[in-house]
């Protein structure tokens with residue numbers, strides 16, 4: 001039963017998935033600590049660490065440690081931390097209580113950042129892999145939407161003022177392309193992540209120089225062996241006590257980039273829903289407003305924008321932390337990292353679940369789109385009309401000036417008197433154009449004014465998106481259920 005007497009983060013209660021919460025859970029964190037202690041002990045054993053001809057670490061010790069990777073005795077660790085005020089040493093103690101034979105060699109030669117920093121890298125890697133999976137599913141859903149709507153003419157907007165028409169599918173490709181850029185950034189950062197390894201209190205590995213009696217070649221093998229055991233290609237080549245906090249900056253900048261792309265898309269959807277052209281999914285029993293029962297508010301898109309802003313601001317945390325680390329390390333990063341990194345991932349996870357849900361259920365109203373387009377199209381068709389009239393012998397400059405005057409007159413009719421756009425009638429009635437209303441209407445096929453939009457969608461989906469989705473087909477097909 002939930003304890004309702006204390007604060008509970010909405011990231012865990014409302015937004016982030018169970019899968020992402022498990023990555024940043026206490027169980028994952030402390031079991032990873034123990035896996036790292038096993039990797040260190042096993043490496044020291046395999047490298048022949050000995051005293052007076054006897055092995056310091058034995059297989060029996062390692063096996064005992066492996067037997068207690070996940071059955072973490074939290075009560076013992078918590079009681080010990082209250083006494084010694086040190087989380088790592090509290091868990092060393094608790095682990096040793098379960099592994100009495102290995103108790104004396106757990107954490108041998110390491111400093112706290114060996115488990116803390118390496119675990120942070122591992123959790124960020126796992127988090128990025130889940131984010132990557134969800135990002136690809138957003139791209140897949142939008143690609144299907146773009147393909148379906150590739151030829152549907154719609155008003156384009158610059159400055160949120162009607163501009164030359166595009167197609168709804170082409171607009172969706174603009175959203176897709178930003179998410180693809182985010183995926184490229186994510187893949188770069190994910191591919192560059194390295195473990196800290198075991199560098200010691202100031203990054204000099206002095207403790208291992210003592211343990212292995214100055215054997216430099218043997219010590220050189222420690223980090224590569226730990227990296228391999230933990231599923232990494234390598235460790236950072238140099239460090240102080242910690243890995244550079246610029247790593248956290250790079251990771252959260254990826255999340256902030258995804259948030260910006262999601263905010264852009266969701267903002268467009270909110271505007272389109274105001275225009276009644278496109279709507280996000282709306283459940284049969286969903287309530288749009290507590291007062292106005294008729295309302296269909298874009299609540300999920302609004303939530304995307306809301307959480308996305310949090311992520312973008314949160315990305316400042318690791319940047320400031322990175323800039324203020326003194327020399328080989330300070331501890332003012334610790335409390336901030338506990339909040340900013342985990343919550344950045346949980347928030348990004350929630351945003352992408354919302355994006356998957358929204359993009360899989362977008363509702364399009366072609367008749368409304370057509371109505372808005374036809375209301376503005378006469379203005380946009382004037383250049384074609386003018387050129388056709390010049391071909392019939394008209395004077396281009398005179399016709400241009402007359403169209404300008406008639407457009408102003410038509411604009412006044414629409415904006416000041418609330419009338420339908422009369423521009424075509426005004427042009428047809430003007431003897432200088434020598435064109436009938438029927439001829440003008442024939443020129444108003446919206447498809448004539450969308451340029452290469454349909455072709456651009458086809459080529460983009462074929463050449464860029466299809467190969468991307470095919471290469472990642474094993475992670476596609478996700479559905480995101482939104483509970484609130």
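The values are calculated or read from the model by the stated rules, or taken from the named source; none is laboratory data. In this text the structure is predicted, and so the values were computed from the model without any measurement. All Cβ positions, glycine included, derive from the backbone under ideal geometry; neighbour counts span all protein chains shown.
Does any residue of region 151-169 turn out to be assigned to a helix (DSSP H, G or I) and closer than 25 Å to residue 354 by Cα?
Within region 151-169 (the criterion being assigned to a helix (DSSP H, G or I) and closer than 25 Å to residue 354 by Cα), the answer is yes, since at least one residue qualifies.
Against the condition out of contact with any strand residue (DSSP E or B) (no Cβ under 7 Å at 6 or more places or on another chain), surrounded by fewer than 16 Cβ atoms within 10 Å (Cβ to Cβ) and under 30 Å from residue 255 (Cα atoms), how does residue 344 come out, does it pass?
No.
For residue 85, all conditions in the list (1) touching a strand residue (DSSP E or B) at 6+ places or on another chain (Cβ under 8 Å); (2) on the phi > 0 side of the Ramachandran plot hold save one; what is the number of the exception?
(1)
Output yes when any residue across region 73-86 is part of a helix (DSSP H, G or I), within 28 Å of residue 220 (Cβ to Cβ) and outside the structural domain of residue 336 (by TED's automatic domain parsing), and no when none is.
The answer is no; no qualifying residue exists.
Could you please give the count of residues in region 108-153 that are crowded, with 21+ Cβ neighbours inside 10 Å and in contact with a strand residue (DSSP E or B) (Cβ under 7 Å, 6 or more places away or on another chain)?
6
Among the candidates 350, 361, single out the residue that is part of a loop (DSSP other than H, G, I, E, B) and within 30 Å of residue 138 (Cα to Cα).
361
Can you say whether residue 77 is in contact with a helix residue (DSSP H, G or I) (Cβ under 7 Å, 6 or more places away or on another chain) and either farther than 25 Å from residue 227 by Cβ or surrounded by fewer than 18 Cβ atoms within 10 Å (Cβ to Cβ) (or both), as far as the supplied structure shows?
When the stated conditions are applied, residue 77 passes them.
So, residue 52, is that one in contact (Cβ under 8 Å) with a residue 24 or more places away in the chain and either farther than 23 Å from residue 26 by Cα or touching a helix residue (DSSP H, G or I) at 6+ places or on another chain (Cβ under 6 Å) (or both) or not?
Considered against the rule, which asks whether it is in contact (Cβ under 8 Å) with a residue 24 or more places away in the chain and either farther than 23 Å from residue 26 by Cα or touching a helix residue (DSSP H, G or I) at 6+ places or on another chain (Cβ under 6 Å) (or both), residue 52 comes out as no.
Specify the residue that is nearest to residue 61 (Cα to Cα); the eligible residues are those in region 93-107 that are buried (at least 18 other Cβ atoms within 10 Å of the Cβ) and either touching a strand residue (DSSP E or B) at 6+ places or on another chain (Cβ under 6 Å) or touching a residue at least 40 places away in the same chain (Cβ under 8 Å) (or both).
By that ranking, first place goes to 102.
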